[in-house]
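This report refers to the structure that appears directly beneath it.
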Amino acid sequence: MSRLFGSFNEIEIPYSLRKPLLHLYAWIFGCNLSEMKDPDLSHYPNLAKFFYRELRDDARPIDMREEAAVVSPSDGKILHFGVVEQREVEQVKGLTYSLDAFFGKADDPAQAIKAASQAIESEPGTIGEDTLADATQSHAHNAAADDDFAVVNGIPYTLDTMIGSADALKPAAQSLGSHLRDHERLYFCVIYLAPGDYHRFHSPANWIVEARRHFAGELYSVSPYIARTIQNLFVLNERVALLGRWKHGFMSMTAVGATNVGSVVVNFDKSLRTNLKEKALLPGEFSQLSYKMLSPKLAGLPLKKGQEVGGFRLGSTIVLVFSAPQSFKFCVEPEQTVRMGESLGFIESA
């Protein structure tokens with residue numbers, strides 16, 4: 001169904017029908033057309049282009065205060081948030097899923113490498129060349145800039161002990177529990193994007209993304225009702241996890257696919273292919289791509305708070321999992337509507 005809907009989205013709308021049809025869609029789903037960078041609906045040849053519309057530069061101010069540790073990476077509704085307890089994350093109140101299952105726990109590293117290799121070979125183009133070329137354009141890397149980013153943001157130069165060796169494809173979650181310091185906890189926040197929301201997602205903080213993991217899976221709806229009904233929903237669905245580190249340790253942002261939303265885009269990773277008809281991975285398997293080659297000093301790609309990272313082709317879900325001091329406090333409520341760039345929580349001063 002998702003592939004068929006994707007094809008439908010790409011069908012060109014006759015020029016004379018674009019404005020009335022897209023106005024109708026915007027009215028049904030509550031899209032704010034006044035925020036669009038290009039408000040002329042006749043410039044959007046199909047639904048896919050409209051779903052992925054850009055906003056005006058001033059439409060989403062970013063909370064740049066230092067105490068606003070983490071901001072919302074997207075527009076949407078807060079489904080749930082809290083502290084990760086015993087390596088379990090609450091999907092909604094009363095339903096949990098395993099952190100190891102969500103990030104991928106490879107008991108046999110050789111099998112994980114094999115799965116990743118098969119996925120890479122099945123995709124068109126060369127992962128290294130495509131990704132490196134695009135990332136180089138989006139971020140001008142040099143040693144001085146990397147030094148400044150690490151020093152200004154207090155980010156350590158390496159996280160191998162935390163997210164595991166890239167060669168062995170050890171999962172990020174596998175070592176998290178043993179590497180949290182006494183004053184730190186692991187937090188999570190789940191944000192649901194409705195069909196009428198702005199569909200691009202941005203960086204929640206200043207951090208360095210070291211790797212991308214693409215998990216095969218289903219494309220069940222991730223609406224709040226379904227999230228309250230299906231156990232392990234976010235583990236079952238196809239998803240793309242960006243893993244890395246920030247000044248307080250581990251940081252991750254995972255884009256979870258949904259019905260009609262198998263297409264996940266990561267701006268600096270043109271080799272990523274989701275919602276494929278012939279899947280190279282079995283459910284539960286993942287392929288991994290390391291971004292460490294993009295900056296030898298930082299061992300990853302630096303992202304600034306509020307920087308655009310990618311997006312969905314319709315509504316879906318973003319899951320943040322990150323470590324922070326125990327003084328971190330969320331400033332949102334369940335079911336609250338948030339906009340990209342608004343603070344999700346603060347680190348209280350001692």
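The values are calculated or read from the model by the stated rules, or taken from the named source; none is laboratory data. Given the structure is predicted, the values throughout are model-derived calculations rather than measurements. Note that each Cβ is placed from the backbone with ideal geometry, even for glycine, and that neighbours are counted across all protein chains shown. Quick note on the areas: whole protein, heavy atoms, side chains included, nothing else; ligands and nucleic acids left out. Shrake-Rupley method; radii C 1.70, N 1.55, O 1.52, S 1.80 Å.
Of note:
- Condition met for VAL71 (under 19 Å from LEU193 (Cα atoms) and at pLDDT 95 or above): yes
- For first residues located in the stretch 48-74 and within 25 Å of LEU24 (Cα to Cα), partners that are surrounded by 16 or more Cβ atoms within 10 Å (Cβ to Cβ) and among the polar types (S, T, N, Q) and lie 6+ apart or on another chain with Cβ distances below 6 Å form the pairs ALA48/ASN9.
- The stretch 304-324, residues that are farther than 23 Å from PHE102 by Cα and open to solvent by less than 30 Å² (accessible area, probe 1.4 Å): LYS305, GLY306
- Of all residues in the stretch 250-269, those being over 12 Å from the mean Cα position of the chain (by Cα), modelled with pLDDT under 90 and part of a strand (DSSP E or B) number 2.
- Failed item in (1) surrounded by fewer than 24 Cβ atoms within 10 Å (Cβ to Cβ); (2) modelled with pLDDT under 90; (3) in a strand (DSSP E or B), with LEU276 passing the rest: (3)
Residue by residue, here is whether (1) charged (D, E, K, R); (2) over 15 Å from ILE78 (Cα atoms); (3) open to solvent by less than 40 Å² (accessible area, probe 1.4 Å); (4) modelled with pLDDT of 55 or more holds:
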site: PRO171; (1), (2), (3), (4): no, yes, yes, no
site: PHE188; (1), (2), (3), (4): no, no, yes, yes
site: ASN206; (1), (2), (3), (4): no, yes, no, yes
site: ALA211; (1), (2), (3), (4): no, yes, yes, yes
site: VAL222; (1), (2), (3), (4): no, no, yes, no
site: THR229; (1), (2), (3), (4): no, yes, no, yes
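- Some residue of the stretch 281-299 being touching a His at 6+ places or on another chain (Cβ under 9 Å), open to solvent by 10 Å² or more (accessible area, probe 1.4 Å) and either modelled with pLDDT of 90 or more or among the β-branched types (Val, Ile, Thr) (or both): no
- Residue count for the stretch 318-332, restricted to those that are at pLDDT below 95 and part of a loop (DSSP other than H, G, I, E, B): 2
- Residues that are closer than 18 Å to SER74 by Cβ and not hydrophobic (A, V, I, L, M, F, W, C), drawn from the stretch 31-54: ASN32, GLU35, LYS37, TYR52, ARG53, GLU54
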